[in-house]
Every structure is written in C-alpha cells, then in structure tokens.
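Structure first, commentary second.
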Amino acid sequence: MSIPIAALTPIVALTIVAVAIAAPAAAQSGRSIQPIPLGTPNGPSPTGQPTPTIIVEPAAMMIAACDANGDAKVTHAELDACLKRSFAGVEGAGTGSIGYIGYSDWALLWLGDRNALPSPFTIDTDGDNRITLAELEAQFDALFARFDKDKDGVVTRAELLTIKSGVDDSPEGRRRGGSKR
C-alpha cells in the first residue's frame, strides 16, 4: 500500500513548523543567566562604570582590632594600649625589643601574614635589627594619622577602608603596580 505524495505534504509541513517552534524553546531552557559585569580587569566596562574594589590594609585590620569598648571606633588611647598588649605577647619582648623573627611572629598574629606591611625594615628606624615598642608605636602613630581622614583623633571603620577603582589585574598591571589611575 502506498501513500500518495500529496497526502504527505501537509504532514511534512506541520512537522517542519513544529520543529521550528520547539527549537528556540529548547535552546532557551538550557541557557544560564549571565550577570552584567560592572567592569573589566583592564578598566571600565562598556557602560563606563569602573570596577570598584574595597581594600583593608593589614595595619588597618590591626587598628580595627584595637577597638576595646566595641563602639566601632578606635581612639589613640585604645591603639596605644593594644600595641603595648600585643607587643608584650611576643617572645623576647621582655628584653625591651624583638628581632625581625619575633616581629614576623607578631605580624602573623596581628597583621595576618608574616610579610604584611609595615615591614620590620620600615619600623626599625635606628637600624639595629631590633624593634622596640617605641618604634612600633611611632609607625602606628603615623598610620593612625593617615587613616584619621577627618583628623578628629578617632578612626572609624569607614576611614580604615581603602577604595580603589579601575584595578588592573592583568599580568602587565601587576608588574606596573596594580592599578590604573
């Protein structure tokens, strides 16, 4: 028994129409939603928005940890007491100074990494390869003054944040210093 070709034409036409309608729907169901990027590592996005980056320097984290009364603000007195307490906890501090290895132990605990800034070479102002509490306090006095943007003698969490935009994360940018300005 054979089916006439004229009878097949409507069936073929309906099949083609059904496949044409179903194909886009099938393609959409497997598609994931992609976020709209705010920026690219090499500068602003096509919409002109830079890539925002909020950074907390290791020294700023340490200063924030010195908030003794829990008001989310650090006074100079709180910082001084915290530095004395943290310095006294380092092995060898009983002699009045610590070596660079002792400082790296302090930095690991209070700054988060043995190589975090400020470096012992910056703090050791007299070059004797030892760090005294007075040298540590002088360095953190300078840092406190830099973070205290409104010069009111109190550092807030907002003042401890460093906001950068347009960070260049490419290998070339890291060799140049990391950010475009």
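Values in this text are rule-based calculations from the coordinates and carry no lab data. Since the model is a prediction, treat every value here as computed from it, not as a measurement. All Cβ positions, glycine included, derive from the backbone under ideal geometry; neighbour counts span all protein chains shown.
Please work out whether segment 49-99 counts as rounded, prolate or oblate from its C-alpha gyration tensor, where a ≥ b ≥ c are the square roots of the eigenvalues and a/c under 1.5 means rounded, while otherwise a/b larger than b/c means prolate and anything else oblate?
oblate
Where in segment 73-166 are there GluC sites (Glu not before Pro) that are in a DSSP coil and have at most 14 other Cβ atoms within 10 angstrom of their Cβ?
Answer in residue order: E91.
Looking at segment 68-114, which trypsin sites (Lys or Arg not before Pro) are DSSP coil and have at most 15 other C-beta atoms within 10 Å of their C-beta?
Those satisfying the criteria are R114.
For V56 and A134, what does the FRET efficiency come to when R0 = 25 Å and r is the distance between their Cβ atoms, rounded to the nearest 0.05? Intermediate values should be presented prior to the final figure.
Details: r = 26 Å, r/R0 = 1.05.
Efficiency, rounded to the nearest 0.05: 0.40.
Once a ≥ b ≥ c are taken as the square roots of the eigenvalues of the Cα gyration tensor of segment 84-152, is the result rounded (a/c under 1.5), prolate (a/b larger than b/c) or oblate (a/b not larger than b/c)?
Prolate shape, in that a/c is at least 1.5 and a/b is the bigger ratio.
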